[in-house]
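Undergrad: Structure provided below as structure tokens; questions to follow.
Values in this text are rule-based calculations from the coordinates and carry no lab data. Note that the structure is a prediction, hence the values are computed from the model and not measured. Counting neighbours? That spans all protein chains shown, and the Cβs are built from the backbone with ideal geometry, glycine included.
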Amino acid sequence: MATFNQNELDALISCPKHISEAPKREMKLFGANWRNDAKLVASDGLIKGEFIVFMRKNEDFPENFSIGLIYHPQDERGEIVLFRCNGPHGCFNNDIEQVHPHFDYHIHKASENAIEAGYAPEKFADRTTEYASFEEALQLF
């Protein structure tokens with residue numbers, strides 16, 4: 001998988017996209033989670049590849065959810081998680097920065113720093129007050 005600098009990651013996240021395969025009308029229950037997905041492509045045609053939007057919500061704990069954006073480059077194998085909106089789901093120590101509690105609503109965004117440190121691109125997260133439910137996170141997303 002190719003490496004990306006921060007400008008490229010930000011461009012992948014923010015580029016205009018259109019839906020190539022719409023999500024289902026209703027989320028489907030798989031195991032303990034409600035799930036739905038959609039496929040997107042860049043609207044300008046300059047960015048090649050496909051984007052996947054995933055939506056997950058725990059059946060028993062609906063505040064435990066994840067809505068994310070994955071990029072699949074056209075000419076390479078693999079994928080990169082670019083962005084995730086998450087609900088509270090426990091504590092987590094990110095090993096490089098300060099201890100980051102995941103017991104609050106938070107956003108993961110792919111970073112060049114995480115990639116250079118050998119971590120998943122979206123490893124680090126920041127707390128947010130921009131949403132307080134799955135529905136609000138979906139609107140923000």
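Undergrad: Just need log10 I(q)/I(0) for the chain at q = 0.14 Å⁻¹, Debye formula, equal scatterers on the alpha-carbon atoms, no solvent, rounded to two decimals.
TA: -0.69
Undergrad: Let me check against my output: what whole-number percent is the relative contact order of the chain, with C-alpha pairs under 8 Å and at least 6 apart?
TA: 17 percent
Undergrad: Between Ile52 and Ala38, 0.36 nm times their residue separation minus their Cα-Cα distance comes to what?
TA: Length gained, Ile52 through Ala38: 4.5 nm.
Undergrad: Stretch Asp60-Ala11 to full length: gain in nm at 0.36 nm per residue minus the Cα-Cα span?
TA: Fully extending the segment from Asp60 to Ala11 adds 14.0 nm.
Undergrad: Please give the FRET efficiency for His89 paired with Glu21, using the beta carbon to beta carbon distance and R0 = 30 Å, rounded to the nearest 0.05.
TA: 0.60
Undergrad: Okay, next question. Excluding same-chain pairs closer than 8 in sequence, count the lysine pairs in the chain whose Cα atoms lie under 17 Å apart.
TA: Value for the chain: 8.
Undergrad: Taking 30 Å as R0, compute the FRET efficiency from the Cβ-Cβ separation of Leu29 and Asn113 and round it to 0.05.
TA: It comes out at approximately 0.25.
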